[in-house]
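**Q** I'd like to ask some things about the structure below.
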Amino acid sequence: MKRTFVMTAAAAALLVATGAQAETFIRIGSGLAGTYPVVGAKMAEIINANVEGVTATTIAGGTEANMALMAQGEVEIVLTYGFLTPVVQRGEGSLGVPTPQVRHLMTLYGAYFQPVASADTELTSLADIDDEAYRIWGANATSIFLPMIAEALEANGSSFDAVRAAGGTVDEIGYGDTAGALQDGRLDVGFFAGPAPYSMLMQIENQPGFTLMGFDEAAGEAYTAALAGTTMQELPAGTYAGQDEAVMLPYLMNEAVISADVPDEIVYEITKALVENVGEFEGLFAGSEEIQPETMLDLASVETHPGAMMCYSEAGLADD
């Protein structure tokens, strides 16, 4: 979908200001695995092709670690989940680093939170995860997955401590290694967040195979209450090989945030380029077509950057 803009006097003034500036470098914190590196790379490509005087690059790293780098002026854009942004902004994340300058740039797409048990186990529900000694992935203290997993266990009446008390283990290997760990038997339970079908899970559909562990109504209500902006959505039967029934899973929204330290005129140009070239995101992965101009202000977890808001207002995408 391509949009064009009617140039206002204010926008023209911003363009003049932009042209007078030296080269601007935009560093995009785009995660370690899954869809974030794909989206971050496409954002950088669009910016570099359409915004004169700006060079965008991607930086790997955990989401909260990247937001800590934003606080230090070393990253300008971060891909994150909306529920986490205000928590980190206040300094209440696992790193305890406030990021007061974080601003909403655009809402991106949703992701299913997908807990799976290896087919080598008989586990079918998170409510039973502490009935036996299971080996589960627990993420590390700085991972965006830690609150997702902890709240999923809590919503289903369990916890990391309960898993350990049952003789199980909680592994903190990197997210990108979890599919392989399920394949070679090092893990019994993994947690994934992404589109469906998700490429990381498709790796293990047949070897060893897995069971998606859905949420009942009470667990779903507890989970959505704990993580702001989360909803419950049904994942249809047949999404994965061997999945004979539909399951209810949490659905979390991703957003791109940008530092308030980036000048308004630069953010205006970046936003304009991304909105006008939004069609380039389609087809990157299942669900990438959700990235649309009409929803880029939905579920904004913090204040929107004024440069971005000017762009959205001119395109008729912001409420008056």
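The values are calculated or read from the model by the stated rules, or taken from the named source; none is laboratory data. Just so it is clear, the structure is predicted and the values come from calculations on it, not from any experiment. Glycine also receives a Cβ, built like all others from the backbone with ideal geometry; neighbour counts cover every protein chain displayed. These area figures cover heavy atoms from the full protein model, side chains too; ligands, DNA and RNA do not enter into them. Shrake-Rupley method; radii C 1.70, N 1.55, O 1.52, S 1.80 Å.
**Q** With +1 assigned to the C-beta of every Lys and Arg and -1 to the C-beta of every Asp and Glu, and no other charges, what is the dipole magnitude of the stretch 43-195 about the Cα centre in debye, to the nearest 20?
**A** Dipole about the Cα centre, nearest 20: 520 debye.
**Q** I've got another one for you. Within the chain, which is the longest segment that contains none of the GluC sites (Glu not before Pro) sitting in a DSSP loop with at most 14 other Cβ atoms within 10 Å?
**A** Result, exposed sites excluded: 173-244.
**Q** On to the next question. If you place +1 on the Cβ of every Lys and Arg, -1 on the Cβ of every Asp and Glu, and leave all else neutral, what size is the dipole of the chain about its Cα centre, to the nearest 20 Debye? Could the numbers behind the result be given before it?
**A** Numbers: 10 positive and 44 negative charges, 168 e Å.
About 800 debye.
**Q** Share of the stretch 114-196's accessible area from carbon and sulfur, percent, 1.4 Å? Before the final figure, lay out the partial values.
**A** Details: 1320 of 3140 Å².
So the carbon and sulfur contribution to the accessible surface is 42 percent.
**Q** Through the Karplus equation 6.51 cos²θ - 1.76 cosθ + 1.60, θ set to phi - 60°, convert the phi angles of the stretch 100-113 into ³J(HN,Hα) values in whole Hz; use x for Gly and Pro.
**A** Along the stretch 100-113, the couplings run x, 8, 5, 9, 5, 10, 6, 6, 9, 8, x, 9, 6, 8 Hz.
**Q** If amide H atoms are built 1.01 Å from N in the plane of the peptide, which residues on other chains or at least 5 residues away come under 5 Å of the amide H of Thr169?
**A** When sequence neighbours closer than 5 places are left aside, the close amide H contacts are Tyr134, Arg135, Ile136.
**Q** While we're on this one: Would you mind calculating the relative contact order of the stretch 104-250 from Cα pairs under 8 angstrom and at least 6 residues apart, reporting the percent as a whole number?
**A** 31
**Q** Quote the relative contact order of the chain in percent (integer), defining contacts as alpha-carbon pairs under 8 Å separated by 6+ residues.
**A** 25
**Q** Okay, next question. Binning every alpha carbon pair distance of the stretch 41-148 at 10 Å from zero, what are the percents per bin?
**A** Final binned percentages: 12, 34, 28, 18, 7, 1.
**Q** Quick one: what are the phi-derived ³J(HN,Hα) couplings along the stretch 278-285, Karplus 6.51/-1.76/1.60 with θ = phi - 60°, whole Hz, x for glycine and proline?
**A** Ordered by residue, 3J(HN,Hα) equals 4, x, 6, 7, 5, x, 5, 6 Hz.
**Q** Quick one: check the C-alpha center-to-center distance for the stretch 242-275 versus the stretch 150-167, whole angstrom.
**A** Cα centroid to Cα centroid, the span is 30 Å.
**Q** Send over the Kirkwood Rh of the stretch 194-320, from the inverse of the averaged 1/r over different Cα pairs, rounded to one decimal Å. Please report the intermediate quantities before stating the final value.
**A** Details: mean 1/r = 0.0581 Å⁻¹.
When all Cα pairs of the stretch 194-320 are included, the Kirkwood radius is 17.2 Å.
**Q** Using θ = phi - 60° and the Karplus relation 6.51 cos²θ - 1.76 cosθ + 1.60, list the HN-Hα couplings for the stretch 91-98 in order, rounded to whole Hz, with x at every Gly or Pro.
**A** For the stretch 91-98, the Karplus-derived couplings read x, 9, x, 5, 7, x, 9, x Hz, x marking Gly and Pro.
**Q** In angstroms, what radius of gyration and Dmax does the chain have, counting Cα atoms only?
**A** Cα-based Rg and Dmax for the chain come out at 20.5, 67 Å.
**Q** A further question follows. For the stretch 31-115, report the accessible area per residue in Å² (1.4 Å probe, heavy atoms, rounded to an integer).
**A** 32
**Q** So how strong a dipole does the stretch 187-297 carry about its Cα centre when Lys and Arg Cβ are +1 and Asp and Glu Cβ are -1, to the nearest 20 debye?
**A** Magnitude of the dipole: close to 260 debye.
**Q** Just going by the charge dipole of the chain, with Lys and Arg at +1 and Asp and Glu at -1 on Cβ, which of Val247, Ala286, Ala166 is farthest out on the positive end?
**A** Ala286
**Q** Separate question: Relative to the longest principal axis of the chain, what angle (0 to 90°, nearest 10) does the C-alpha long axis of helix 36-50 take?
**A** Approximately 10 degrees, to the nearest 10.
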